[in-house]
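Participant: Sending over a structure as structure tokens; questions will come in a sec.
The values are calculated or read from the model by the stated rules, or taken from the named source; none is laboratory data. Owing to the predicted nature of the structure, the values given are computational and were not obtained by experimental measurement. Please note: Cβ atoms are built from the backbone with ideal geometry, for glycine as well, and neighbour counts cover all protein chains shown.
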Amino acid sequence: MQKEHSIRLTVNSIHRDASVEARRTLADFLRIDLGLTGTHLGCEHGVCGACTVLVNGEPVRSCLMFAVQADGTEITTVEGVAPGDGNMAPIQEGFWRATSFQCGYCAPGFVIVGEALLRENPDPSEEQIREAISGNLCRCTGYQSIVEGIQRGAKIARGEEA
Amino acid sequence: MVQRFTGTRVKRVEDPRLLTGRSRFVDDISLPGMLYAAFVRSTVPHARIASIDAAAAREMPGIVAVYVGADLPEHANPLMLQPVEGLKTPAFYALAHEKVRFVGEPVAMVVAESRYQAEDACDSIYVEYEPLPPVTDMEAAIRPDSAVLFDELGDNVMYHSEAKYGDLDAAFAGADRVITEKISQHRYANVPMEGHAGLSSFDPSMGELVHYSSHQGPHMLRFGLSFLLRLPLNNVRVLCGDVGGAFGSKGYFHREEIMTAFASMRLGKPVKWAADRNENLLAGGQTREESAVVEAAVKNDGTLLGLRVKLIVDQGAYQCVPYPTIVFPLLARALMPSAYRITNFEFHITMAATNKAPYIAYRGPWEIETFLRERLWDILAVELGLDPVEIRRKNLWENQELPRPLATGAAILKNLTVRECLDQAVAAIDYPGFRQEQERARAQGRYLGLGISCFMEPAPQPIFGIGFDFVRSETATVQLEPDGGVTVFTAQAPHGQGHETTIAQVCADGMGVSMSQVKVIHGDTRVVPFTNIGTGASRGATMPIGAALGALRIIKDRVLRIAGHMLETAPEDLQIVNGVVSPIGGGDRSVSLFEIAIVAYTAPFTLPPGTDTEMKATYTFDYEGAWAQSCHAALVEVDTGTGKVEIKRYVVVEDCGEPIHPAIVDGQICGGIAQGIGAVLYEKSAYDEDGQYLAGTFMDYLLPTSMEVPHIEIHHIIPETDEEIPHHGVGEGGLIGSPACVVNAIEDALRPLGVKIREQYLPPARILELIGSIK
């Protein structure tokens with residue numbers, strides 16, 4: 001058997017103690033060990049961005065990070081973005097109103113990078129949005145509706161759209 | 001005012017689960033005791049398998065089983081197509097048996113307690129190959145001296161036919177000029193964000209197989225698993241939940257999924273496999289590698305008198321089952337005249353087998369007809385000194401010349417709007433203004449270009465009489481639940497098209513209830529109606545709606561009869577508004593659907609004898625087919641220093657009838673265009689001359705990002721109609737019109753440099769080669 005390592009981290013505000021093989025990716029740890037299957041794998045080599053999660057508030061590709069490297073961090077996945085009161089987060093609500101996605105497989109990554117963008121820049125221009133999501137691939141939409149969704153989400157977050 | 005859902009941008013029913021991480025794609029599902037599969041794949045393009053040594057792998061930790069091709073014949077049938085006239089259909093097994101025919105072909109399967117362990121063991125399986133000469137070029141493949149993929153066939157010509165319509169000899173004799181060009185398109189791929197995936201769970205005590213799949217056609221897959229694994233059909237259940245895109249690639253009996261079912265049957269445990277990206281790019285299917293010699297007989301004024309096309313198709317190593325690759329060139333032949341006065345027409349098809357991944361359907365899989373034809377108009381315009389818009393106008397049918405059958409088949413041309421789409425696109429893009437701007441730019445050494453392409457998309461497909469006209473009907477079941485809710489069981493298997501929303505929109509309006517009272521069920525073969533196609537072929541706007549509304553009418557009729565009895569009013573004088581039945585002219589008595597349903601389910605004896613209280617109805621909708629019609633126009637700028645192409649504007653004028661959900665419709669168009677832009681500028685399923693595959697990651701196979709796909713302007717033409725279902729398909733057109741449009745624009749930009757483009761793949765390095773700055 002492969003040697004296992006103990007890690008302690010916080011995932012979506014819940015403290016977790018776990019034991020993982022050194023080679024277990026953070027994505028597989030989240031999906032298989034914690035059952036947080038909202039994070040999706042689209043390439044497993046760091047290009048498509050579907051597996052993006054927030055690690056200490058920064059967007060990170062969970063397919064390129066080992067679970068052991070996440071020891072001591074605070075992680076937010078797509079399951080942890082909404083406030084928990086039954087409502088969606090503004091970025092999710094914006095995507096919903098804009099009919100941003102089709103198959104939705106890539107959506108978790110866009111929710112995370114969109115959330116990170118709005119935290120940093122509450123009123124991004126179209127160009128800033130396109131730049132911010134340029135590391136995430138979507139095969140269905142041509143991105144136009146995703147850009148619109150982030151614009152809507154920003155408006156909701158700023159209180160300009162009820 | 002009654003709220004109408006059809007035609008509005010309601011929030012999609014699917015999105016809350018997709019946006020909050022609660023969706024269920026196959027790889028998100030785990031079953032107790034589940035095992036994981038991984039595959040050993042061929043590293044060589046063409047070889048005999050001399051031996052496979054899995055002894056070491058079988059001893060590794062967590063390994064439960066290893067299967068090879070030789071294990072299959074005893075328990076499984078080979079994959080084989082239904083006979084098609086003139087088509088060679090050699091059978092093959094889910095795992096390579098005796099020979100491998102492309103890099104990436106599955107050779108052995110490992111089943112283990114984790115995917116990590118399964119992949120470890122794959123690395124310890126030793127396959128000894130006796131190499132054979134690789135066949136990598138379709139034109140070389142059909143020469144007598146080529147190595148042969150299927151020994152039993154004797155050559156690699158899988159199909160050849162020559163079809164003639166009208167009087168081509170007379171057309172050529174009467175022509176001012178005959179212009180001959182060879183035009184090709186390259187191999188690329190669907191690349192859905194979720195690759196193929198299957199999770200099989202066999203219960204040996206009952207002999208039942210449950211198979212979760214990422215698939216477009218669960219009923220066909222059920223059929224396939226039943227036949228291939230020798231199980232009675234009623235012991236096989238296929239379940240499709242969320243499916244992460246397909247674009248035509250997920251309608252087949254995928255070899256790896258057959259193997260998860262095979263393994264689960266041998267082991268009595270659930271077995272899961274989800275393709276990783278490398279597997280998807282290597283073996284998930286590739287498409288569109290075709291080349292044609294086009295001979296056009298023209299008059300000097302641009303009138304096309306006759307057209308001869310000699311098409312050669314590279315099918316790769318295998319034709320995927322159950323939809324043979326030959327369907328696509330046959331459809332291209334049927335469709336090529338499109339909305340134009342092309343009546344003297346000849347179309348040859350030669351299909352070659354090569355040592356590459358199988359050629360599968362990709363969103364508008366007959367697109368070569370539009371690429372050839374719309375490239376040809378631009379080529380003819382240049383040769384004859386004519387305007388590319390005018391030459392199209394000159395050759396498009398006028399509606400007063402219609403109806404008439406398409407020269408190549410039984411489909412009837414009528415009510416065409418292609419000319420209107422072209423006119424509106426030209427106006428939207430300010431054609432004269434652009435030509436002036438182009439002149440000014442050229443004077444400054446900048447290269448701007450304009451591309452146009454016009455086409456008609458069969459949506460859904462009319463009858464062409466080519467032997468694949470099996471998609472003209474669809475069935476749906478509607479149930480009024482005991483609480484008054486409406487459940488629709490659709491034969492569609494959506495994978496991004498939003499049918500849970502669009503079908504609910506139309507059915508809510510049809511029944512007179514809120515959308516929240518309508519639930520659309522799909523993907524479970526135990527409850528959804530049989531279909532031999534599922535979601536595809538641009539059927540999803542018309543066929544499921546016609547079927548659901550037909551079933552709904554039956555239920556509504558029964559509901560109103562019961563309500564008529566309860567309200568002592570004639571059924572025809574009643575209406576349903578917000579789930580409540582009341583007299584049309586008003587009145588103080590009303591009854592809710594809940595009250596009616598409860599009576600129907602629990603107290604039918606209180607109703608007059610003979611009252612039909614069955615609250616579930618099934619209806620089959622037959623349809624003659626329809627067209628979506630469109631014109632695409634693109635403005636590009638080519639940087640002749642770097643070879644980079646920038647798309648500055650992209651305009652679409654689309655007639656797909658009345659959109660059920662405008663944002664879903666526009667999303668389909670935008671997504672298809674993004675794929676077409678990708679095909680021309682970024683994407684290639686590249687093989688080297690030895691047959692080795694070169695584009696196995698997203699660092700080699702480039703998908704367009706948000707920085708490469710421009711804002712797309714979409715205009716709709718919605719003609720007046722008395723059709724029962726005024727909604728036509730729109731799924732494929734984006735990727736039918738865009739490759740020709742973008743290539744036309746690039747050639748137009750580079751015209752001052754004398755560049756002629758007769759291919760489709762134009763990354764920066766190729767642009768620089770074409771303009772002569774690099775060799």
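Participant: For residues in the range B:457-510 being surrounded by fewer than 24 Cβ atoms within 10 Å (Cβ to Cβ) and among the acidic types (D, E), which is farthest from B:P16 (Cα to Cα)?
Facilitator: Applying the filter and picking the extreme gives B:D469.
Participant: Right, here's the next one. Looking at the range B:111-142, which of its residues are in a loop (DSSP other than H, G, I, E, B) and closer than 30 Å to B:A292 by Cβ?
Facilitator: Taking the range B:111-142 first, the residues in a loop (DSSP other than H, G, I, E, B) are B:113-114, B:123-125, B:132-137, B:142.
Correct list: B:L132, B:P133, B:P134, B:V135, B:T136, B:D137, B:I142.
Participant: Another question about this same structure. For the range B:174-211, which residues satisfy the criterion of being within 21 Å of the chain's Cα centre (by Cα) and over 30 Å from B:A297 (Cα atoms)?
Facilitator: Within the range B:174-211, B:Y188, B:A189, B:N190, B:V191, B:P192, B:M193, B:E194, B:G195, B:H196, B:A197, B:G198 meet the criteria.
Participant: Filter the range B:37-60 down to the residues that are of a type outside the set (V, I, T), over 16 Å from B:R255 (Cβ atoms) and not in a strand (DSSP E or B) and list them by number. Let's see the steps before the verdict.
Facilitator: Keep residues of the range B:37-60 that are of a type outside the set (V, I, T), which gives B:37-39, B:41-42, B:45-48, B:50-51, B:53-60.
Next, from what is left, pick out any that are over 16 Å from B:R255 (Cβ atoms): B:45-48, B:50-51, B:53-60.
Scanning the range B:37-60 gives B:P45, B:H46, B:A54, B:A55, B:A56, B:A57, B:R58, B:E59, B:M60.
Participant: Just for the range A:82-107: of the residues that are assigned to a loop (DSSP other than H, G, I, E, B) and of a type in the set (F, W, Y), which one is surrounded by the most Cβ atoms within 10 Å (Cβ to Cβ)? Show your work before the answer.
Facilitator: Going through the range A:82-107, the residues assigned to a loop (DSSP other than H, G, I, E, B) turn out to be A:82-89, A:98-106.
Still in the list and also of a type in the set (F, W, Y): A:101, A:105.
On the way: A:F101: 27, A:Y105: 30.
The residue in question is A:Y105.
Participant: So which residues in the range B:166-207 are among the polar types (S, T, N, Q), more than 30 Å from B:I757 (Cβ to Cβ) and not in a loop (DSSP other than H, G, I, E, B), if there are any at all? Steps first, please.
Facilitator: Step one: filter the range B:166-207 for residues among the polar types (S, T, N, Q), giving B:180, B:184-185, B:190, B:200-201, B:205.
Those still in the list that are more than 30 Å from B:I757 (Cβ to Cβ) too: B:200-201, B:205.
Within the range B:166-207, B:S200, B:S201 qualify.
Participant: Let me ask something else about it. Would you say B:K648 is in the same structural domain as B:Q424 (by TED's automatic domain parsing) and modelled with pLDDT of 95 or more?
Facilitator: Working: in the same structural domain as B:Q424 (by TED's automatic domain parsing): yes; modelled with pLDDT of 95 or more: yes.
The answer is yes for B:K648.
Participant: Here is a follow-up. Give the number of residues within the range A:22-64 that are surrounded by fewer than 22 Cβ atoms within 10 Å (Cβ to Cβ), over 11 Å from A:T77 (Cα atoms) and among the hydrophobic types (A, V, I, L, M, F, W, C).
Facilitator: The qualifying residues number 4.
Participant: Right, another one. Got at least one residue in the range B:71-92 being closer than 30 Å to A:D28 by Cα and at pLDDT 95 or above?
Facilitator: Checking the range B:71-92: not a single residue is closer than 30 Å to A:D28 by Cα and at pLDDT 95 or above.
Participant: Name the residue, out of B:G657, B:G678, B:G667, B:G754, that is surrounded by 24 or more Cβ atoms within 10 Å (Cβ to Cβ) and closer than 30 Å to B:V382 by Cβ. Working first, answer last.
Facilitator: Values: B:G657 fails: closer than 30 Å to B:V382 by Cβ; B:G667 fails: closer than 30 Å to B:V382 by Cβ; B:G754 fails: surrounded by 24 or more Cβ atoms within 10 Å (Cβ to Cβ).
Only one candidate passes the filter, namely B:G678.
Participant: Identify the single condition in (1) out of contact with any Phe, Trp or Tyr (no Cβ under 7 Å at 6 or more places or on another chain); (2) modelled with pLDDT of 95 or more that B:M1 does not satisfy, given that it satisfies every other one.
Facilitator: So B:M1 meets the others, but not (2).
Participant: Scan the range B:1-55 residue by residue and report those that are closer than 30 Å to B:L694 by Cβ and of a type in the set (D, E, K, R). I'd like the intermediate steps shown before the answer.
Facilitator: Initial filter on the range B:1-55 (closer than 30 Å to B:L694 by Cβ): B:25-27, B:36-54.
Of everything in the range B:1-55, those that are closer than 30 Å to B:L694 by Cβ and of a type in the set (D, E, K, R) turn out to be B:D27, B:R41, B:R48, B:D53.
Participant: Being more than 7 Å from every other protein chain (Cβ to nearest Cβ), touching a Phe, Trp or Tyr at 6+ places or on another chain (Cβ under 9 Å), within 25 Å of B:T501 (Cα to Cα) and among the aliphatic types (A, V, I, L, M) is the filter here, so list the residues in the range A:67-108 that pass it.
Facilitator: Once the filter is applied, which keeps residues that are more than 7 Å from every other protein chain (Cβ to nearest Cβ), touching a Phe, Trp or Tyr at 6+ places or on another chain (Cβ under 9 Å), within 25 Å of B:T501 (Cα to Cα) and among the aliphatic types (A, V, I, L, M), the range A:67-108 yields only A:I91.
One line per residue, one yes/no per condition, for (1) in a helix (DSSP H, G or I); (2) at the interface with chain B (Cβ under 10 Å from one of its Cβ atoms); (3) under 11 Å from A:I91 (Cα atoms); (4) at pLDDT below 95:
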site	(1), (2), (3), (4)
A:F110	yes, yes, yes, no
A:R119	yes, no, yes, no
A:E127	yes, yes, no, no
A:E131	yes, yes, no, no
A:C138	no, yes, no, no
A:G142	no, yes, no, no
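Participant: Can you name every one of the strands (runs of 3 or more DSSP E) wholly within the range B:208-302 that holds 1 or more residues which are within 14 Å of another protein chain (Cβ to nearest Cβ), modelled with pLDDT of 95 or more and surrounded by fewer than 20 Cβ atoms within 10 Å (Cβ to Cβ)?
Facilitator: Details: elements: B:208-213, B:236-239, B:271-274, B:290-298.
Result: empty, no element qualifies.
Participant: B:D588 is checked against (1) part of a loop (DSSP other than H, G, I, E, B); (2) under 30 Å from B:S538 (Cα atoms); (3) charged (D, E, K, R) and fails just one. What number does that condition carry?
Facilitator: All conditions pass for B:D588, except number (2).
Participant: Right, another one. I need the full set of residues from the range A:35-65 which are within 12 Å of another protein chain (Cβ to nearest Cβ) and farther than 16 Å from A:L137 by Cα, in order please.
Facilitator: Passing the criteria: A:G35, A:L36, A:T37, A:G38.
Participant: Does B:D588 satisfy the criteria of being within 14 Å of chain A (Cβ to nearest Cβ) and free of Cβ contacts under 8 Å to residues at least 60 places away in the same chain? Step through it out loud before you land on a result.
Facilitator: Values: within 14 Å of chain A (Cβ to nearest Cβ): no; free of Cβ contacts under 8 Å to residues at least 60 places away in the same chain: yes.
Against the criterion (within 14 Å of chain A (Cβ to nearest Cβ) and free of Cβ contacts under 8 Å to residues at least 60 places away in the same chain), B:D588 does not qualify.
Participant: So is B:A633 assigned to a helix (DSSP H, G or I), in contact with a strand residue (DSSP E or B) (Cβ under 6 Å, 6 or more places away or on another chain), of a type outside the set (V, I, T) and within 30 Å of B:H495 (Cα to Cα) or not?
Facilitator: Values: assigned to a helix (DSSP H, G or I): no; in contact with a strand residue (DSSP E or B) (Cβ under 6 Å, 6 or more places away or on another chain): yes; of a type outside the set (V, I, T): yes; within 30 Å of B:H495 (Cα to Cα): yes.
No.
Participant: Does the range B:208-240 hold any residues that are basic (K, R) and closer than 19 Å to B:T490 by Cα, and which are they? Explain how you work it out, then say what you get.
Facilitator: Pass one, the range B:208-240, residues basic (K, R): B:222, B:230, B:237.
Once the filter is applied, which keeps residues that are basic (K, R) and closer than 19 Å to B:T490 by Cα, the range B:208-240 yields B:R222, B:R237.
Participant: A follow-up question, please. Looking at B:A679, B:A674, B:A686, can you tell me which residue is within 20 Å of the chain's Cα centre (by Cα), among the aliphatic types (A, V, I, L, M) and more than 12 Å from chain A (Cβ to nearest Cβ)? Outline the logic, then answer.
Facilitator: Details: B:A674 fails: more than 12 Å from chain A (Cβ to nearest Cβ); B:A686 fails: within 20 Å of the chain's Cα centre (by Cα).
Selected residue: B:A679, the only one of B:A679, B:A674, B:A686 that is within 20 Å of the chain's Cα centre (by Cα), among the aliphatic types (A, V, I, L, M) and more than 12 Å from chain A (Cβ to nearest Cβ).
Participant: Another one. Considering the range B:480-520 alone, what residues qualify as being among the polar types (S, T, N, Q) and either over 17 Å from B:V580 (Cβ atoms) or in the same structural domain as B:H215 (by TED's automatic domain parsing) (or both)?
Facilitator: Result: B:T487, B:T490, B:Q492, B:Q497, B:T501, B:T502, B:Q505.
Participant: Only one residue in B:I312, B:I326, B:I349 is of a type in the set (V, I, T) and crowded, with 24+ Cβ neighbours inside 10 Å, so which one is that?
Facilitator: Numbers: B:I312 fails: crowded, with 24+ Cβ neighbours inside 10 Å; B:I349 fails: crowded, with 24+ Cβ neighbours inside 10 Å.
Unique residue meeting the criteria: B:I326.
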